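Following: one structure in structure tokens, then a few remarks.
The values are calculated or read from the model by the stated rules, or taken from the named source; none is laboratory data. Here the structure is a predicted model, which is why all the values come from computation and not from measurement. Cβ placement follows ideal geometry from the backbone for every residue including glycine, while neighbour counts extend to all protein chains displayed. Note: areas computed on protein heavy atoms with side chains; ligands, DNA, RNA excluded. Shrake-Rupley method; radii C 1.70, N 1.55, O 1.52, S 1.80 Å.
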Amino acid sequence: MAFMTADHAKILSNVANLDIEIYKPRLAQLIEDNAKQGNTAVLTVFPKHLPLDDIRSLSAELTELGYNVRFEVHEFYYSFNVYWL
């Protein structure tokens with residue numbers, strides 16, 4: 001498998017039409033895979049792809065399941081760290 005060019009990645013990113021329901025299965029798998037390796041799960045999302053309210057709702061859902069969630073808003077992206085003690 002070859003890497004795509006940065007220009008092609010920018011084009012794909014500009015036309016992405018994503019919602020929180022697409023990220024939930026990915027994050028669930030990321031949490032499981034990382035837990036098996038003794039790591040936390042970190043998800044990075046461009047702000048234009050997901051509304052902040054959707055991310056807050058997901059954070060609340062994970063908190064109800066007993067996870068700790070650290071959410072950070074950076075200049076160009078959101079960082080979502082899910083961990084357990």
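Mind counting the residues in region 31-55 that are open to solvent by 60 Å² or more (accessible area, probe 1.4 Å), touching a residue at least 12 places away in the same chain (Cβ under 8 Å) and outside any loop (DSSP other than H, G, I, E, B)? Residues in region 31-55 being open to solvent by 60 Å² or more (accessible area, probe 1.4 Å), touching a residue at least 12 places away in the same chain (Cβ under 8 Å) and outside any loop (DSSP other than H, G, I, E, B): 2 in total. A count restricted to region 45-61 and to residues that are of a type outside the set (Asp, Glu), at pLDDT 85 or above and within 29 Å of ASN14 (Cβ to Cβ) stands at 4. Condition first: open to solvent by 40 Å² or more (accessible area, probe 1.4 Å) and either in a helix (DSSP H, G or I) or β-branched (Val, Ile, Thr) (or both). Now tell me which residues in region 3-13 satisfy that. THR5, ALA6, ASP7, HIS8, ALA9, LYS10, ILE11, LEU12 - these are the residues of region 3-13 that are open to solvent by 40 Å² or more (accessible area, probe 1.4 Å) and either in a helix (DSSP H, G or I) or β-branched (Val, Ile, Thr) (or both). In region 1-20, which residues are under 21 Å from the mean Cα position of the chain (by Cα) and hydroxyl-bearing (Ser, Thr, Tyr)? Correct list: SER13 only. Does ALA16 qualify as being open to solvent by 80 Å² or more (accessible area, probe 1.4 Å) and part of a loop (DSSP other than H, G, I, E, B)? Taking the combined requirement at face value, the residue does not satisfy it.
Do the conditions hold for GLU21, that is, is it open to solvent by 50 Å² or more (accessible area, probe 1.4 Å), part of a helix (DSSP H, G or I) and without any contact (Cβ under 8 Å) to a residue 40 or more places away in the chain? For GLU21, the condition - open to solvent by 50 Å² or more (accessible area, probe 1.4 Å), part of a helix (DSSP H, G or I) and without any contact (Cβ under 8 Å) to a residue 40 or more places away in the chain - is met. Would you say LEU27 is in contact (Cβ under 8 Å) with a residue 40 or more places away in the chain and not β-branched (Val, Ile, Thr)? Criteria met by LEU27. Pairs linking a residue in region 3-18 that is under 27 Å from LEU52 (Cβ atoms) to a residue that is surrounded by 10 or more Cβ atoms within 10 Å (Cβ to Cβ) and modelled with pLDDT under 80, with Cβ atoms under 7 Å and 6 or more positions apart or on different chains, are SER13/PHE46; ALA16/HIS49; LEU18/HIS49; LEU18/LEU50.
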